[in-house]
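See below for the structure under consideration.
The values are calculated or read from the model by the stated rules, or taken from the named source; none is laboratory data. Predicted, not measured: the structure shown is a model, and the values here were computed from it. Neighbour counts are summed over all protein chains in view; Cβ atoms, including those assigned to glycine, are modelled from backbone coordinates with ideal geometry. With ligands, DNA and RNA removed, areas are computed over all heavy atoms of the protein, side chains included. Shrake-Rupley method; radii C 1.70, N 1.55, O 1.52, S 1.80 Å.
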Amino acid sequence: MPRLIMRRGPTPGAIYELDDDTISIGRGSKNDIVIRDNEVSREHCTLRRVMDDYEVEDLTSSNGTFINGQRVNTPWLLQNGAIVELGDSITMEYDRGVLAKSENRGMDAQSVPFTSGEHVFRYSLMITMGPDTGNIYPLNGLIITVGRDLSNDIVIQDPEISRFHMRLRRDTDGYTVEDMGSTNGTYVNNVEVTQPYPLTANDVLRLARQVRLQFITQLEDVSSGVNDTALIDRSDRHLPSDTRAGGSLSTVRTTGLLARGEHLRGVPTPNLPLRTGKFRPSWQTSTFGDSVFIAYARADWDGIVASMVTSFQQAGVQAWVDQYLVQHGDDWRAALEQALNECWAIVIVVSTTSLASNYVKMAYRHFSTHEKPLISLIAEPETTLPPDLSHARSILFDKDNPQRSFHKLILELMNLRR
C-alpha cells in the first residue's frame, strides 16, 4: 500500500497509509492527514489516486508544496521515493510499499552488512573533490539521500547541488544510484544518470560540476576476521590539483559537508549549525563582522542567490545566508540574531516574494534602524519598493547577464567598505 513517511517535522518516522482515492493534508483538524506545524496551511495540498500512485495538487498554500525540491504549481504525479515538502519544515517520503517488511526504513537498518558465504561487504562514499575532500561516509541505510537540504542523510553545502540531488538504494547486489530531478545532474564515470544505475567498486560520482565522490567496496572475511579494504584507492590521482603534494584546499572546497545531526565547530551558540554556502565560513572566527547579510526569499535561491554567493566567494567577499537552517526554528533564530547584530551591510534581493516575507522586512528594517549600509538587487523591476528601501542604493539584476549585475554589486560593497 502506498504511504508517506515523515522524515522531518513534528513526528519524524510517522507513517501515513494512503488508501483513499482523495486524501487531504493540512493543519486543520478536518484533513485526512493532520500536521500541526505553522509552515503548513489549514488546507495545504491534496493527493488523488492515479492508477497505482498518487498525484499532488497544492491548494494555494502560503508556504508551498515541493516535490524533489521543485515547487508544485500543477498536479504532480508521485514516483516511488519522491521527497514531498510542505513549506520549509516538513519533509516526507513517498513509498509505494513494494519493499519487503525487512526493508522498511522505519525499522533499524543501520549497520546491516551485505553477506555472501563467509564474506561481508560494506560500502562507503569518499569525497575526492568538493567540501571536506578525503572524508569517508559509510553507507548503512537501505535508502540514502544526498543533497543540500538538512533532511538528507548526507548534506552537501554547494549552491550547485539541489536540495534533494541523488538517492542511493540498497539491494542484494549492492547499491544503485538515482538522480532526484536535480538541476545540474548526477554523473557516474562522466555519464549522466537518467535511470537507476548499479554501482561497482571505484565508480566516480559527480554531482553538478564541483563535487565528486568515489564509491568504495570493503570486503570482510568473517571466518578469518580479515578486514580487507578492497578496491579503495587513496592515491592522489583522483584529487584536484590543488590538493596534491601537500597543497591546501581553496576556500570554495572547505565549507562543511555534514552527515545529518552533526554540527560545525567554533560556533558560539551551542548546537548552532551555521552554514554559509561556498564562502569561507564565518563561524571559523565566531563572528560575522566581515560578512554581508543577504536577505532573500527561498524561492529566489536557485535562480539568483546561489550564483551570487559564488561570485562573492570568488571576489573574497564573505556573506551570511540562512539557506541551510530551518526558518523559524530555534537554531535559525539564534543565528539570525547574531548575524543581524554583527554583519556590517545587507543586500536585499528584491522580488514580489521576498518583499512579502516578514523575515526579509525585519532584516532590512533592522539595518536601516542601525544606519548600516543597504543595497537592493532588483530582481523584478516592476516591484514597488517600500519606503525603507526607496532611498537605498539599487542595482538592477540583468537576467541576460547575471555576472555583470553581481560584479556591480561587489564593487559597490567594496567601495562602501573602504
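Looking only at strands (runs of 3 or more DSSP E) that lie completely in the stretch 1-69, which have at least 1 residues being over 23 Å from the mean Cα position of the chain (by Cα), over 26 Å from residue 297 (Cβ atoms) and touching a residue at least 12 places away in the same chain (Cβ under 8 Å)?
Per the criteria, 3-8, 15-17, 22-26, 45-50, 53-58.
Counting only residues that are open to solvent by 60 Å² or more (accessible area, probe 1.4 Å) and over 30 Å from the mean Cα position of the chain (by Cα), which one in the stretch 391-418 is nearest to residue 301 (Cα to Cα)?
This residue is 393.
Which residue is nearest to residue 39 (Cα to Cα), if the candidates are limited to the stretch 330-355 and must be open to solvent by 70 Å² or more (accessible area, probe 1.4 Å) and modelled with pLDDT of 85 or more?
So the first thing to find is which residues in the stretch 330-355 are open to solvent by 70 Å² or more (accessible area, probe 1.4 Å), and the list is 330, 333, 337, 341, 352-353.
Next, only the ones that are modelled with pLDDT of 85 or more stay: 341, 352-353.
On the way: 341: 26, 352: 19, 353: 16 Å.
That would be 353.
Could we say that residue 48 is closer than 18 Å to residue 95 by Cβ and among the charged types (D, E, K, R) here? Before the answer, list the steps.
Working: closer than 18 Å to residue 95 by Cβ: yes; among the charged types (D, E, K, R): yes.
Judged against the criteria, residue 48 is a match.
When the stretch 4-36 is examined, which residues are found to be at pLDDT below 90 and surrounded by 15 or more Cβ atoms within 10 Å (Cβ to Cβ)?
Listed by number, the residues that qualify are 5, 6, 7, 8, 9, 14, 15.
Please verify whether residue 182 is hydroxyl-bearing (Ser, Thr, Tyr), farther than 27 Å from residue 298 by Cα and either modelled with pLDDT of 85 or more or not in a strand (DSSP E or B) (or both), treating the condition exactly as stated.
Numbers: hydroxyl-bearing (Ser, Thr, Tyr): yes; farther than 27 Å from residue 298 by Cα: no; either modelled with pLDDT of 85 or more or not in a strand (DSSP E or B) (or both): yes.
No, not satisfied.
Which residue pairs have Cβ atoms under 9 Å apart, sit 6 or more places apart or on different chains, and have a first residue in the stretch 190-206 that is in contact (Cβ under 8 Å) with a residue 60 or more places away in the chain and over 12 Å from residue 166 (Cβ atoms) and a second that is assigned to a strand (DSSP E or B) and open to solvent by 40 Å² or more (accessible area, probe 1.4 Å)?
204/187; 204/212
Would you mention how many residues in the stretch 329-378 are closer than 22 Å to residue 306 by Cβ, assigned to a helix (DSSP H, G or I) and within 21 Å of the chain's Cα centre (by Cα)?
9
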